[in-house]
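Written out below as structure tokens is the structure these notes cover.
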Amino acid sequence: MLGLLSVAAFAEDFYVSDTGAYKTDDGVDHVAYTDLQEAINAAVEAGTGNTVWVENGFECKTGEYEYASGYKCRIYIDKELTLRSKSGDWTTGSSPIIRGSYATAGATGSSRCGAGAVTCVRGTDASKITLMGIKLLEGATTQYANNQNNSSGGGAFRVTLQKCLVSGCAAYYGGGTYGVNTADCTFRDCFAYQ
């Protein structure tokens with residue numbers, strides 16, 4: 001008789017900090033990525049359902065992913081993943097920041113959008129991608145109305161946000177978010193053309 005061996009896949013944890021070290025609440029030290037997108041890429045490559053833990057005080061404000069010609073985001077996630085702060089709530093401690101950029105530094109209102117703008121987070125499936133306790137700041141899209149998917153959600157696109165802050169974001173459609181599920185989030189000073 002031939003026996004079948006079943007192997008269960010377990011979710012893995014990945015860590016991000018400025019220093020390359022991350023201490024969990026139970027006192028265990030972990031080696032951490034210093035680049036958020038690299039940690040997300042590693043977690044996605046390792047399988048589905050993994051979690052990326054981001055140290056309080058961490059700020060992602062550089063790096064760009066071009067998701068369509070002329071459209072850029074700071075962070076791109078295309079598989080099932082949870083991205084979370086240590087506390088899971090943006091109001092607790094100095095929660096991690098993902099900072100996009102405006103077309104023109106210091107812009108307000110509709111001038112935030114335009115060529116060169118960078119959104120904060122771009123996902124592909126809000127039912128499988130969750131952010132918890134993250135601050136999404138100053139993300140913007142180009143201002144073109146000819147492609148609703150690419151000109152939507154300056155802060156977040158097609159992800160689920162839980163206990164996050166979305167502030168100072170702008171887009172042609174859905175200034176702060178678009179195609180996003182939210183729970184206990186705060187929105188401040190977001191602008192949409194439509």
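The values are calculated or read from the model by the stated rules, or taken from the named source; none is laboratory data. On a predicted model such as this, the values are computed, not experimentally measured, just so you know. In this analysis, Cβ positions are derived from the backbone assuming ideal geometry, glycine residues included, and neighbour counts consider all displayed protein chains. Just so you know, the surface numbers come from the protein's heavy atoms only, side chains and all, with ligands and any DNA or RNA stripped out. Shrake-Rupley method; radii C 1.70, N 1.55, O 1.52, S 1.80 Å.
Among the residues of the stretch 81-123, which ones are over 25 Å from residue 68 (Cα atoms), of a type in the set (D, E, K, R) and in contact with a Phe, Trp or Tyr (Cβ under 7 Å, 6 or more places away or on another chain)?
Once the filter is applied, which keeps residues that are over 25 Å from residue 68 (Cα atoms), of a type in the set (D, E, K, R) and in contact with a Phe, Trp or Tyr (Cβ under 7 Å, 6 or more places away or on another chain), the stretch 81-123 yields 84, 86.
Can you pull out every residue in the stretch 158-192 that is part of a strand (DSSP E or B), over 19 Å from residue 108 (Cα atoms) and without any contact (Cβ under 8 Å) to a residue 40 or more places away in the chain?
Narrowing the stretch 158-192 to residues part of a strand (DSSP E or B): 160-162, 165-167, 170-171, 173, 177-178, 181-183, 186-188, 191-192.
Of the ones still in play, those that are also over 19 Å from residue 108 (Cα atoms) are 160-162, 178, 181-183, 186.
Answer for the stretch 158-192, where residues must be part of a strand (DSSP E or B), over 19 Å from residue 108 (Cα atoms) and without any contact (Cβ under 8 Å) to a residue 40 or more places away in the chain: 160, 161, 178, 182, 183.
Which of the residues that make up the stretch 153-194 are of a type in the set (Lys, Arg) and surrounded by fewer than 21 Cβ atoms within 10 Å (Cβ to Cβ)? Step through it out loud before you land on a result.
At the first step, the residues of the stretch 153-194 found to be of a type in the set (Lys, Arg) are 158, 163, 188.
Within the stretch 153-194, 188 is the sole residue that qualifies.
Quick check on this structure: which one of 148, 143 is farther than 22 Å from residue 91 by Cα, open to solvent by 10 Å² or more (accessible area, probe 1.4 Å), touching a helix residue (DSSP H, G or I) at 6+ places or on another chain (Cβ under 9 Å) and modelled with pLDDT under 95?
Working: 148 fails: touching a helix residue (DSSP H, G or I) at 6+ places or on another chain (Cβ under 9 Å).
Being farther than 22 Å from residue 91 by Cα, open to solvent by 10 Å² or more (accessible area, probe 1.4 Å), touching a helix residue (DSSP H, G or I) at 6+ places or on another chain (Cβ under 9 Å) and modelled with pLDDT under 95 holds for just one of 148, 143, which is 143.
Among the residues that make up the stretch 80-100, is at least one of them farther than 18 Å from residue 165 by Cβ and either without any contact (Cβ under 8 Å) to a residue 12 or more places away in the chain or of a type in the set (Asp, Glu) (or both)?
Within the stretch 80-100, the first condition is being farther than 18 Å from residue 165 by Cβ, and the residues that meet it are 80-81.
Now drop any that are not either without any contact (Cβ under 8 Å) to a residue 12 or more places away in the chain or of a type in the set (Asp, Glu) (or both), which leaves 80.
Within the stretch 80-100, one or more residues are farther than 18 Å from residue 165 by Cβ and either without any contact (Cβ under 8 Å) to a residue 12 or more places away in the chain or of a type in the set (Asp, Glu) (or both).
I'm checking my understanding of the structure. Among residues of the stretch 22-55 that are polar (S, T, N, Q) and at pLDDT 95 or above, which one is most open to solvent (accessible area, probe 1.4 Å)?
Of the residues in the stretch 22-55, the ones polar (S, T, N, Q) are 24, 34, 37, 41, 48, 50-51.
So of that shortlist, the ones also at pLDDT 95 or above come out as 34, 37, 41, 50-51.
Working: 34: 85, 37: 35, 41: 69, 50: 2, 51: 24 Å².
Selected residue: 34.
Consider the stretch 83-129. How many of its residues are of a type in the set (Val, Ile, Thr), surrounded by fewer than 21 Cβ atoms within 10 Å (Cβ to Cβ) and under 17 Å from residue 47 (Cα atoms)?
Number satisfying all stated conditions: 1.
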